[in-house]
Structures are given as C-alpha cells and as structure tokens.
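The values are calculated or read from the model by the stated rules, or taken from the named source; none is laboratory data. The shown structure was predicted, so the numbers you read here are calculated from the model rather than taken from an experiment. All Cβ positions, glycine included, derive from the backbone under ideal geometry; neighbour counts span all protein chains shown. All accessible areas refer to the heavy atoms of the entire protein, side chains included, with ligands and DNA or RNA removed. Shrake-Rupley method; radii C 1.70, N 1.55, O 1.52, S 1.80 Å.
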Amino acid sequence: MAGATAAQKILARASGREQVDVGEVIWADPDLVTTPEVSFPAYVKRLDSIGVHSFRYPERVVVAIDHEVPVHSRDGAERNRLTRRLAEEFKVGHFFDGDGITHPLVVEQGLVRPGMFCAGADSHAPGLGGVGALSMPFGFELTMILALGRIWLPVPASVRVVLEGRLSPGLAARDIILQVFRQLGAERAHDKVIEFTGPGIASLSVRERMTLCGLCVDLGGVTGVVPADEVALQYLRDIGMADAEAVTSDADAVFADEIRIDLAQLEPQVSVPPSPLDVQTVTELGPVPIQHAYIGSCVSGSIAELRIVADFLKSRKVHAGVQMLVIPATRNVYRQAMTEGLLDTLLEAGAQVAPPTCGPCFGGLAQLAPGEARISTSTRNDPGRMGSKEAFIYLGSALTVAASAVAGHIADPRAAFGREGGVR
C-alpha cells in the first residue's frame, strides 16, 4: 500500500481514521473555524432560521472584525455591532476586534499548529498552511460546521511543488507563487492540495510560506500546505508553542502531479488585469504607468516586508504622481513597525499608513477611479475589486510595489539590491 500525503494524514486524524484514500468522502472535524464579520452574522441568521441557537464547539470558533476597520459605512457599523453581540451570545472561543487580518492574526496568536484541520469562511484561509496546517475555505457550508462540528468532503489529491535553490536579492515569495501559476496552471491544480517541499523551503520564513499557501485558491487549488520543518517549528516555539510536531508526506506517497522550480532563476512576476492567473515578468510587461501602490492584505504586510520596504525607501521618495498606502497585517506588526521606526521612514518617503484591515483588498478603502492603475500585494485583481470596473489592478511582491511607487511605473526591484542582498 502506498504511503500517505500530508493532506491525507491530516484528514485521517480529523475523521478519526487510520488512513483515508483520495476521492473517498469522509466526515472530518475541524480543529479551528475562522470567520470574519462580513459573513458571521449571515451564518448565525441561517442557523437561527432552522432552529439552531448554539455552536457545537464554540471554543474552536474564531470571529474577527477585520474587513471594515475602521468602519466607514452605516451598514458596516451595524454589521460590526451585530457581530460583537452575536460573538458574545454564542460564546465564541476567540473574538478579535480590529486586531488584524484573520489569517496572519490566528497564526501570530498561536492558535494554529502543524497537522490541524482548519475551516475558514474567507477564500484565502489556506494561508494557514504556512505552518503545516490544512486549511480549507467554505461558503455557507460553514454553518454545518458551526452547528455539528464537522463537515463532509472528498479527500483531495495532492500536487507537489519542489522548490530548489534560493531567491536572488529583490525576489520574494509572491514571485514564487506567480511562477507556480504560470508553470502548473489552473487545470492541473484544480481541486488539488498544493504541497510545497524541497530544499528551497528552508530559506523561506513562515509568513512567506503563508503567502504561497494563501494564494493557491486563486489557482483553483483546494488549499496549500508547507509541511513544517525546523524553521516553522522554531517560529512556533518562539511564540510559545513548544510541543508542535510536523506532519509530513511519506516518501512513497502518491502525488497527482509535480513541478520543480529553481528559485535562483526566477524574475519578478506580476499578475496583470483581469486575473491573478495572467502573469508576466516585469521585463515582459514593461514600464506600465501607475497612480496607486498598496502593500498589505492577508498575504502581505508582515514585519519582514515592512523592514525591507522601509530600508528601500530610506533614501528615496514616492513618485509625485503615485499614492502609496501601507497597511500592516496585524496590530502587533503595526506596533513593532512603529517601535522600530519603520512607520516614520515610510511616512517620510511619502507613503500613507493605515491600521490593520482587509481594506483595499476587500474593496472598502482607497478605491480607484476609471482609468487609474494600482500595483498591489493584495490577493485578487478582478475588475471592480477596488472601485471602478474601468480601473486596472496589477499584483506583485512588496518589493516590486515599492520600486514601482518610486518609479511611477511598474519597475524591476532587483536594481536596488547589491549582490549580498542589501539595499543600495
């Protein structure tokens, strides 16, 4: 009998089984359930309509107000007020009000460990795979999980992405996942778990791994996972999780597909309108003029990104024709960036800084006018995602966004870095 993938092992444990087979329909009990304020009241309303007035495992539920922070609409104000009341009434185990974007926040708070099966209301819940968990997004099926504590699902096959080498200066995790988009494609990734492995993983931080996993859903994958290694385990020990253990695929596990990527050969990549899957290198794309630049979202806004962007901007200014917005992913990241003087550097360079929120990625803040273009670290670039349907959204790494903000057009960040990786 063939060995099991990490995904199979996690789902076997969640279903109380020794093993599960690809394609088999199982009942699985999520260890953690996450939902933002934009969907939580609707789930409760649906349950109330069928006579369900409590959660099966309220201690496993995370509710976070993160999409409209600070609130900027009358509907949002009422929704946030209702979310606060319902979270208390239903005795949710973890409630966060403006503390940060759900996915990086729950990892930062030590609520996610390797081998957990997590269910999320947000489409980019797969980001939790960066610490070796298996996190899947659900829609209104989440009401079943809230009511019963379990969900039925087919066991997905896995695709293996082997990373080799190390990124060159000026490159980032966003460039890796966009190369996966190009090389693997939506058809081969459809309904699969994308497992990242190989020697190149060791050079990536947990937050970079979360970027890889969080964007797998935009390729059509079920989720992404990076089985925990010593880097991930040390990160978890540093935040107080001393007993975390890795769940890895067996050497003889069967994968539906495999691609290999040499990180040292990558160029900066950019998703062009109208889809994240439409990817070009900055060289292929050329100097597209922009009026807006944004660094933030659940797959960005980490302290490491803010440090390198601030370092880049120390001797530079944001182009006079560009509005640059930076949003730290969590309140703790914001506080740390403030303590280290990073926010001062960003402001001095001409950037604006806002408190942690999904904001522009959700479409609530910093909307675009017809004909305007923005380069962003956010998750998607659908027409109308950030205001006018006649605006243009490009997606790239924080380094590419920073370089473009200074240049006034989409630019290659590599020129700003020396051979040793330091900013020139």
Cα gyration tensor, region 288-424 - rounded (a/c under 1.5), prolate or oblate = oblate
Taking the Cβ of G214 as the centre, find all other residues whose Cβ is under 11 Å away and add up their charges (Lys, Arg: +1; Asp, Glu: -1).
-> 0
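Starting with the highest mean, order 286-295, 270-279, 67-76 by the number of other Cβ atoms within 10 Å, averaged over the residues of each peptide.
Final packing ranking: 286-295, 270-279, 67-76.
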Once the principal axes of the Cα atoms of region 306-364 are found, what is the range along each, listed largest first in whole angstroms?
-> 30, 28, 14
Full extension from A42 to K317: what is 0.36 nm times the residue separation minus their Cα-Cα distance, to one decimal in nm?
-> 94.6 nm
Taking all protein chains together and a probe of 1.4 Å, list F312, F255 from the most accessible to the least accessible.
-> F255, F312
accessible surface per residue for the chain, probe 1.4 Å, DNA/RNA/ligands not counted, whole Å² -> 39
Most fluctuating residue given options D97, D48, D257, as computed from a GNM of the chain linking Cα atoms under 10 Å = D48
Extending each Cα 7 Å along its Cβ direction at Q367 and E88, get the distance between those two points in nm, one decimal.
-> 3.2
The chain, Gaussian network, Cα under 10 Å: of E390, E24, E108, the residue fluctuating most is E24
Amide H proximity to D97 below 5 Å, modelled H, separation 5+ or other chain, gives I65
One finds the C-alpha centres of region 332-403 and region 55-91 to be spaced, in Å, by 24
When DSSP beta bridges are limited to those with both residues in the chain, what percentage is antiparallel, rounded to the nearest 5?
-> 20
Taking all pairs of different Cα atoms in region 250-333, averaging 1/r and flipping that mean, what Kirkwood radius in angstroms comes out?
-> 16.3
Please label the shape of the chain as rounded, prolate or oblate, based on the square roots a ≥ b ≥ c of the eigenvalues of the alpha-carbon gyration tensor (a/c under 1.5 means rounded; beyond that, a/b larger than b/c means prolate, else oblate).
-> oblate
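Restricting to region 20-154, what percent of DSSP beta bridges are antiparallel, rounded to 5?
On the way: 4 of 19 bridges.
Beta bridges within region 20-154, antiparallel portion: roughly 20 percent.
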Whole-number D in µm² s⁻¹ for region 109-162, Kirkwood Cα-pair radius fed into Stokes-Einstein, 37 °C, 0.692 mPa s = 269
Solvent-free Debye scattering, log10 I(q)/I(0), computed from the Cα coordinates of region 172-235 at q = 0.26 Å⁻¹ = -1.13
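Express the Stokes-Einstein translational diffusion coefficient of region 1-127 in µm² s⁻¹, to the nearest whole number, given a Kirkwood radius over alpha-carbon pairs, 37 °C and a viscosity of 0.692 mPa s.
Stokes-Einstein gives a translational diffusion coefficient of 205 µm²/s.
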Report the FRET efficiency, 1/(1 + (r/R0)^6), for E18 and I239, where r is their Cβ-Cβ distance and R0 is 30 Å, rounded to 0.05.
-> 0.45
GNM on the chain, C-alpha springs below 10 Å: top fluctuator among A242, A373, A411?
-> A242
When the charge dipole of the chain is computed with +1 at the Cβ of Lys and Arg and -1 at the Cβ of Asp and Glu, the Cα pointing farthest to the positive end, of I375, L167, S15, is that of I375
On the accessible surface of the chain, probed at 1.4 Å, how many percent belong to carbon and sulfur atoms?
-> 50
